[in-house]
Ligand SMILES: O=C1O[C@H](COP(=O)(O)O)[C@@H](O)[C@H](O)[C@H]1O
């Protein structure tokens, strides 16, 4: 697929620093062009890797960064399932970021109200865009091919109008969540999936090489004008037959 880069690293030891370089290089570029860097975060296994690797970057300056969430679980911030709560303890509490730089959900609301409230926050942060155009979205992919909280065969895959959608029947707990929709994901300037471990090998092949039946959610991420990276480790890439890139250690994306 044109414009898609599938980059395979021996392990997360090499992948992590490359991810951090990708984030900070896109941040520098965005701040020069637009005065700020807008970054959408995912949860799951990404949280600890990203937090550790960004904190290891010399001279990390997030004062002009605006963080949003590609999806979020509707639980209180001190619940171990809260993506914001995890980033707060592992990253936000360790760097200087103005409160206005983190766009959080309001977990006290019902799931429908929460999606509406988060839509308003994104519209306010992106007043010029019909769908918010993030500089970079970092995505994960579950073993079922879901990304954000967009799950296989779920009606939300067909959403074309909403910026943020509520979901009350997530097959992966917790059941109540809010998620960015595909129009937002595919409007981003850059999207990077991070996928590691042998448990992702079979689904990664289906997503990147195609499958019979409807495309899995992760395969529907095709930025309209933006760049798309798949950063994966060797165990996740084990079943791939398409050409991939293998960067030498320390190379930048
Ligand atoms: O539930 C979620 O799962 C996906 C994938 O997580 P992973 O642990 O398999 O990497 C994640 O991207 C999403 O943000 C999260 O809510």
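We did not get these values from a lab; they are worked out from the coordinates using the rules stated. Every value quoted in this text rests on a predicted model; they were computed, and no experiment measured them. Don't worry about glycine lacking a Cβ; one is built from the backbone with ideal geometry, like all the others, and counts go over all protein chains shown.
Summary of packing: across the peptides 214-225, 123-134, the per-residue average of other C-beta atoms within 10 Å ranks them, highest first, as 214-225, 123-134.
Considering only beta bridges that DSSP places wholly inside the chain, some 25 percent are antiparallel.
Starting from the eigenvalues of the Cα gyration tensor, five times each then square-rooted, give me the equivalent ellipsoid semi-axes of the chain, largest first, whole Å. Can you show the working numbers first?
Details: eigenvalues 126, 102, 60 Å².
Those come to 25, 23, 17 Å.
Projecting label points 7 angstrom from Cα along Cα→Cβ for residue 129 and residue 225 puts them 1.1 nm apart. Applying 0.36 nm per residue to the separation of residue 93 and residue 242 and subtracting their alpha-carbon distance, the gain on full extension is 49.6 nm. When the chain is treated as a Gaussian network with alpha carbon springs shorter than 10 Å, the biggest mean-square fluctuation among 43, 145, 197 belongs to 197.
Got the relative contact order for the range 163-221 handy, in percent, Cα pairs under 8 Å and 6 or more residues apart? It would help to have the intermediate numbers written out before the result.
Values: 39 pairs, mean separation 14.3, N = 59.
Computed over the range 163-221, the figure is 24 percent.
Fully extending the segment from residue 211 to residue 4 would add 72.7 nm, taking 0.36 nm per residue of separation and subtracting the current Cα-Cα distance.
Entry note, the chain: the mean residue ellipticity at 222 nm calculated from DSSP H runs of n ≥ 4, each adding -39500 (n - 2.57), is -8500 deg cm²/dmol after division by the residues and rounding to the nearest 500.
Over the chain, what is the relative contact order in whole percent, taking alpha-carbon pairs under 8 Å and six or more residues apart? If you can, show how the numbers build up before the last one.
Numbers: 484 pairs, mean separation 65.9, N = 253.
Averaging sequence separation for qualifying contacts and normalising by length gives 26 percent for the chain.
Our summary gives the range 8-126 a relative contact order of 22 percent, counting only alpha carbon pairs under 8 angstrom and 6 or more residues apart.
If you count, for each residue, the other Cβ atoms within 10 Å and average over each peptide, how do 226-234, 163-171 line up from highest to lowest? Could you put the intermediate results ahead of the total?
Details: 226-234: 21.6, 163-171: 19.2.
Taking the mean over residues of other Cβ atoms within 10 Å, the ranking is 226-234, 163-171.
Taking the centroid of alpha carbons for each part, the range 112-143 and the range 156-210 are 13 Å apart.
Ranking of 87, 118 by neighbouring Cβ atoms within 10 Å, starting from the fewest: 87, 118.
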